[in-house]
Amino acid sequence: MQKKKAVFAAIGLLLSFALLTACSSPAEIDGSTPGTTNTTSTASSGSTGSSGMDPSGTTGSVPASSTGTPSADGTTTGSEPSKTSPAPSGTPAPSTGKPTGGSPGSSGHTGSSGSSGGSSGSGQSGSSGTQTPPPAPAAEKAGKGDEKAVADKVLAYINQFRQEGGVPAATKLPGLTEYAEYRSRQLVTNFAHDTRAEREAATALKYGEYIIPSEWGMTGDPYYTAHAGEAIGNSGVSGSIDTVAKVLASALRESSGHWSYVGENSKNKYIAVGVSYEKGTWYCCVCVTDQNTDLL
């Protein structure tokens, strides 16, 4: 009888030890709540993504736009979406706040900004849909057909330079302008101050004063003379109308011999500019005078 009691007592002690061992989980040993985990997964927020707290108190994280790879401490950088922490058993997973059909941090509508939040807390900020306007087209290169426009710009720059030097702007003469245009065409094949070429241009246009050589005790056929001083120039510059004109006018101003009567002589208050373009070169003739030669 005593042996049976001892056997039953030993069996009882073994059962108690087995029950105690079965009820001791790792969570109880370190003082944590059964069924939960303290591990958190952190993602860099960048410009999108936000962290939230589910009802059980487990920290989760909304996927962020990242492209990097996880580092040793579990932090993800870049723009590839990162994984969220597993939800605790028996509780709903934390809401990401991501709208259907959209990407993290997007409102789901192209070109608009907004925010969408879920039970995770702070929600997500949308991205701006502002579009960058296309660049302004570059100015077209001046060429054949732009001669008159270039000539007008050259005249405008000359008058600007005159005024900057304290000399009044000169007045454009239409008749003298036709003569300057004719002279510019002559310069293509004869780039020179040629008296015969000047008389040929004035005579072809019947512009200026009519001269009969015999009346002056000379021989030769009658001709016209414009009675205007001229400055000539050429350039292979390439660019817009404004660029070409500024180069031509500036070269004239920088030539002290030409500028002395074109830009510094206030008595020469009438002006005309003619421009021709041929095979990549601009030819310019500027005429100035102290009288209105259109009235001769």
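The values are calculated or read from the model by the stated rules, or taken from the named source; none is laboratory data. As the structure is a prediction and not an experimental result, all values here were calculated from the model. No Cβ is skipped: glycine too gets one built from the backbone with ideal geometry, and neighbour counts run over all protein chains shown. SASA here: full protein model, heavy atoms, side chains in, ligands and nucleic acids out. Shrake-Rupley method; radii C 1.70, N 1.55, O 1.52, S 1.80 Å.
Considering only residues that are farther than 17 Å from A228 by Cα and either acidic (D, E) or free of Cβ contacts under 8 Å to residues at least 24 places away in the same chain (or both), look in the stretch 254-292 and name the one that is most open to solvent (accessible area, probe 1.4 Å).
K279
Take the stretch 240-258 and flag every residue that is among the polar types (S, T, N, Q) and in a helix (DSSP H, G or I).
T243, S250, S256
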